Amino acid sequence: KDIIVDIGRSTYLDREDLVISTVRRGESCRVEVVSADPITQRVGRLHPPIFDCDFLPKTVQYIHNGSPLLQQDSVRLLVHKFTDTVTVTETV
């Protein structure tokens with residue numbers, strides 16, 4: 001989902017801002033920001049870089065660093081779902 005943040009400002013994400021497939025009973029789920037991707041996060045960043053899929057309000061924040069040169073930014077995420085026997089990772 002697109003999030004609008006003014007230059008040099010920040011905003012907190014809601015769970016509805018991230019499109020993560022359903023986590024089933026018995027699974028745990030973590031989100032990791034892909035920081036080594038040169039095409040994403042050129043204007044801002046997500047903090048913290050690793051957080052639970054079921055994060056609490058006002059705990060995950062997008063921070064705009066203030067660059068007026070780029071109109072858009074994107075953040076690539078890895079969603080890791082863990083069960084007792086397997087780990088599934090998807091890119092969102």
Task: Neighbours by Cβ (under 6 Å, 6+ apart or cross-chain): first from the range 81-92, within 15 Å of Asp52 (Cα to Cα) and in contact (Cβ under 8 Å) with a residue 60 or more places away in the chain; second surrounded by 11 or more Cβ atoms within 10 Å (Cβ to Cβ) and aliphatic (A, V, I, L, M) - done: Glu90/Val79; Val92/Leu77; Val92/Val79
TODO: Within the range 1-50, count every residue that is in a strand (DSSP E or B) and either over 14 Å from the mean Cα position of the chain (by Cα) or surrounded by 12 or more Cβ atoms within 10 Å (Cβ to Cβ) (or both).
DONE: 13
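Each reported figure results from applying straightforward, stated rules to the coordinates on display, with no laboratory input. Quick caveat: nothing in here was measured; it's all calculated off a predicted structure. Ideal geometry is used to build each Cβ from the backbone, glycine not excepted, and the neighbour counts take in all protein chains shown.
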